[in-house]
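The next block holds one structure in the form of structure tokens; read it before the comments.
The values are calculated or read from the model by the stated rules, or taken from the named source; none is laboratory data. Here the structure is a predicted model, which is why all the values come from computation and not from measurement. Virtual Cβ from ideal backbone geometry, glycine too; neighbours counted across all protein chains shown. Ligands, DNA and RNA are excluded from the accessible area calculation, which covers all protein heavy atoms including side chains. Shrake-Rupley method; radii C 1.70, N 1.55, O 1.52, S 1.80 Å.
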Amino acid sequence: MGNVCGKKGNVDVTTAGGEKDNMGNSSSNAADGNGVGQDNKAASSGKSASSKQKAADNKPIPDPAEIKSKPVHQVICEYNDLEDGQMKEVEVEGQKVLVARDQGAYYALSSKCTHFGASLAKGALCQGRVRCPWHGACFDLATGDIEDFPGLDSLQSFEVEVKDGKVEIHTDTVALSSTKRVKPMITRDLECTLLYLIVGGGPAALECAESLRQAGYKGKILIITQENDPPYDRTKLSKALTSTASDLALRPTEFYNVYDIHIMTGMEAFSVDTDMNHMVFRGREWTDYTVEYDQAAICTGSRPITLDKPGTNTFSKDVFYLRTPTEANEIANKSKGKNVVIVGSSFIGMEVAASVVGKAKSVTVIGRSAIPFANLLGEQIGKIIMELFESKGVKLVMSSEVEELIGNEENLTQIKLTSGETVAADICVVGIGVLPNTEWLKDSGVKLSERGHIIVNKYNKTNIDNIHAAGDCTTFPLFIDGDRLVNIGHYQMALSHGKSAGMNMCFKEEPLKSVPYFWTAVFGKSFRYCGFGNAKEDEIVFHGESSKFVAFFVRDDKCIAVASLTWDPMVSVAAELMRAGIPIPASTIRENPEQLHFLVPK
């Protein structure tokens, strides 16, 4: 692992207000002239990251004297039990272990995905990687390292020996019981005065910071975000409205201390001088903060488009945009026994509808399109989803738009549609799209697209040499679509961008090579999708019925995207084929979708 600390840089974090960061430190002391924060006790103590591994698993460090581990040497299968490309779970000392055979070699890993705990034996195996069947996280067979997302942690890998036709595992009971681990990272070297600045506090920002440490960067990492909390999983908000930021935290606070990742919250990016290498941030009380950086990564994400209709401002206390845990909690509390109207049939809007139905008096979704998700998934799948929601008591008013919000002197009572129809409404949740948080960059010299997204290359680098960008705020070349510039606002892709930005800020020159993969879970059903199709233009080859299906999106006689419901691991298999550059001919999947598996190299 190389070390990145090649030049000296000045750090200037100035403040007039001395606001607190999330570590409880005064931001006026966040960094000194060498880029050393006053909170860096972990680094100055001289302890290594491994000695402070407590933060990785958010578990207390047991007394070494109390750890009673014993070696494990156990035959787990016969060599001929599996063929190349096959996997299975075995039990070792009461723990499940994934056993896989690939190109004649055997591997043993933790059996559950580190994201949501799916059985990896039911996933996809291709060219030395195993991909989760649920949400598409990928792990290296030899090392267990996480290679694609979601999820942050890696698997445990175990030594395997083939002897006399038998496959034997060599490990110990402690390793077996630790089902996941943090990918190896280094900590801060106080002699390195570089400062790498990460703007934004979402998954792309966190993964960028972690990748910097994984790639050998020893300087200071400073994340500055307008969020009030350290990075959390926002995708869960619409599915679990009562969650708090701590419930959804992607890492515990101790993790940032261990790996010397400094976070300042409540700070909005205001301007950047790309010639002088400094950025200005504005705090909660209109105090300005200036940070001089050596390299920067912009991960500012997006914000909801607001509903600009008469009455929106008048009844603003009853109008919600799901962005933060506080807003989610308010929606959950105020929707009980009330008439809830959701404007927009987006994934967020529909997930909120699924979350509140049964608790609210009524739930109505107002959508502009005739069928939800028709542009992305096609009319047939859109109708399946629509019928599912209607069967659960959600009313969908499609091909409609809001004209006006109406109420009494204090409260919203109804919403008038352009059709003239009125819908009873006590609260209104808006999900009509997002805009990139990039206005502050318009005169900076950082190149933006017509829609305001930051244009990056395949290394997530902008047109400014020492500025990278990642996540929802970017337009990037999609490798599975001939490097066409696209914007994809998915959680998995944001993490992949963060990794790419972090690695390439350390001069690794690793191109972004991640297949878009997303999912939505409503009423106990999980819809999955990979690739990048266009349901309006592509041919859709549909197999199955409303309760179980797989659909292939075909263009120029090749499959470019796949959607499914309870047909795992079809989407994950397709994603691995796409990543490997293995074409999926339409002729392969027209008659029998299971033929897809035969395209995977053994």
In the neighborhood of residue 186, defined by Cβ-to-Cβ distances under 9 Å, what is the net charge if each Lys or Arg adds +1 and each Asp or Glu adds -1?
+2
Counting only heavy atoms of the protein chains, get the accessible area per residue of the chain (1.4 Å probe) and round it to a whole Å² value.
42 Å²
If I model a spin label at residue 78 and residue 466 as a point 7 Å from the Cα along the Cα→Cβ vector, what separation in nanometres do I get?
6.4 nm
With θ set to phi - 60° and the Karplus curve 6.51 cos²θ - 1.76 cosθ + 1.60, what are the ³J(HN,Hα) couplings of the range 444-449 in order, to the nearest whole Hz, using x for Gly and Pro?
8, x, 6, 6, 10, 7
Net lengthening on full extension, residue 546/residue 455 (0.36 nm per residue, minus Cα-Cα)
28.8 nm
Count of lysine pairs, the range 79-194, Cα-Cα under 20 Å, sep. 8 or more residues or interchain, comes to 14
Per the C-alpha gyration tensor (a ≥ b ≥ c, the square roots of its eigenvalues), the range 172-226 is rounded if a/c is under 1.5, else prolate if a/b beats b/c, else oblate; here it's oblate
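Can you tell me what share of the DSSP beta bridges in the chain is antiparallel? A percent to the nearest 5 is fine. Present the calculation step by step, with values, prior to reporting the outcome.
Numbers: 93 of 127 bridges.
So the antiparallel bridges in the chain amount to around 75 percent.
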Keeping the other protein chains in place, figure out the carbon and sulfur percent of the accessible area of the range 168-221, with a 1.4 Å probe.
50 percent
Under a plain spin-label model, where a point goes 7 Å from the Cα along Cα-to-Cβ, how far apart in nm are residue 555 and residue 159?
5.0 nm
Calculated FRET efficiency for the pair residue 442/residue 191, C-beta based, R₀ 35 Å, to 0.05:
0.35
Convert each backbone phi in the range 79-95 into a coupling constant with the Karplus relation 6.51 cos²θ - 1.76 cosθ + 1.60 (shift: θ = phi - 60°), then list the ³J(HN,Hα) values in order as whole Hz, x for Gly and Pro.
4, 8, 5, 10, 9, 4, x, 10, 9, 7, 9, 10, 9, 10, 6, x, 10
May I ask you to order 142-150, 103-111, 500-508 by the average number of other C-beta atoms within 10 Å around their residues, highest value first?
500-508, 142-150, 103-111
Low-density loop GluC sites (Glu not before Pro), the range 398-440, at most 11 other Cβ within 10 Å, DSSP non-H/G/I/E/B, are 409, 410
When all Cα-Cα pair distances of the chain are considered, the percent exceeding 49 Å is 13 percent
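Take the Cα radius of gyration of the range 505-548 and divide it by 2.2 N^0.38 Å, with N its residue count; two decimals is plenty.
Against the empirical 2.2 N^0.38 Å value, I get 1.76 for the range 505-548.
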In sequence order, what are the phi-derived ³J(HN,Hα) couplings for the range 287-294 according to the Karplus relation 6.51 cos²θ - 1.76 cosθ + 1.60 with θ = phi - 60°, rounded to whole Hz, with x for glycine and proline?
8, 9, 10, 10, 10, 9, 10, 9
A student applying the Cα gyration tensor rule (rounded when a/c is under 1.5; otherwise prolate if a/b is larger than b/c, oblate if not) would label the range 306-349 rounded
Given a Förster distance of 30 angstrom, what is the FRET efficiency for residue 368 paired with residue 391, based on the Cβ-Cβ distance and rounded to 0.05?
0.85
In a shell of Cβ-Cβ distance under 13 Å around residue 557, excluding residue 557 itself, what net charge do Lys and Arg (+1) and Asp and Glu (-1) give?
0
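Given a Förster radius of 35 Å and the C-beta distance between residue 285 and residue 513 as r, what FRET efficiency does 1/(1 + (r/R0)^6) yield to the nearest 0.05?
On the way: r = 44 Å, r/R0 = 1.25.
With R0 = 35 Å, the Cβ-Cβ based efficiency is 0.20.
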Kirkwood hydrodynamic radius, computed over distinct alpha-carbon pairs, for the range 460-555: how many Å, to one decimal?
15.3 Å
By how many nm would the segment from residue 375 to residue 69 grow when fully extended, if each residue of separation counts as 0.36 nm and the alpha-carbon distance is taken off?
104.6 nm
Assigned charges on the beta-carbon of Lys, Arg, Asp, Glu; the chain dipole about Cα centre (debye)
640 debye
Summing -39500 (n - 2.57) over every DSSP H run of at least 4 in the chain, dividing by its residue total and rounding to the nearest 500, the 222 nm mean residue ellipticity is -4500 deg cm²/dmol
Quick one: which residues, 5+ away or cross-chain, put their amide H under 5 Å from the amide H of residue 435? H built at 1.01 Å from N.
303, 305
For a quick check: with amide H placed at 1.01 Å from N, whose amide H comes under 5 Å from residue 183's, ignoring anything fewer than 5 positions away on the same chain?
154
Please give the contour-minus-distance gain from residue 595 to residue 398: 0.36 nm per residue of separation, less the Cα-Cα distance, rounded to one decimal in nm.
67.2 nm
By the mean-Cβ-within-10 Å protection proxy, highest first, 121-132, 291-302, 197-208 rank as 197-208, 291-302, 121-132
Sorted peptide list for 179-188, 489-498, criterion being average Cβ within 10 angstrom, highest first
489-498, 179-188
Projected label distance in nm at residue 324 and residue 411, using a 7 Å step from Cα toward the beta-carbon:
2.5 nm
Amide H neighbours of residue 463 under 5 Å, counting only residues 5+ apart in sequence or on other chains, H built in-plane at 1.01 Å?
447
At 1.567 mPa s and 4 °C, Stokes diffusion of the range 67-140 via Kirkwood alpha-carbon radius, µm² per second
100 µm²/s
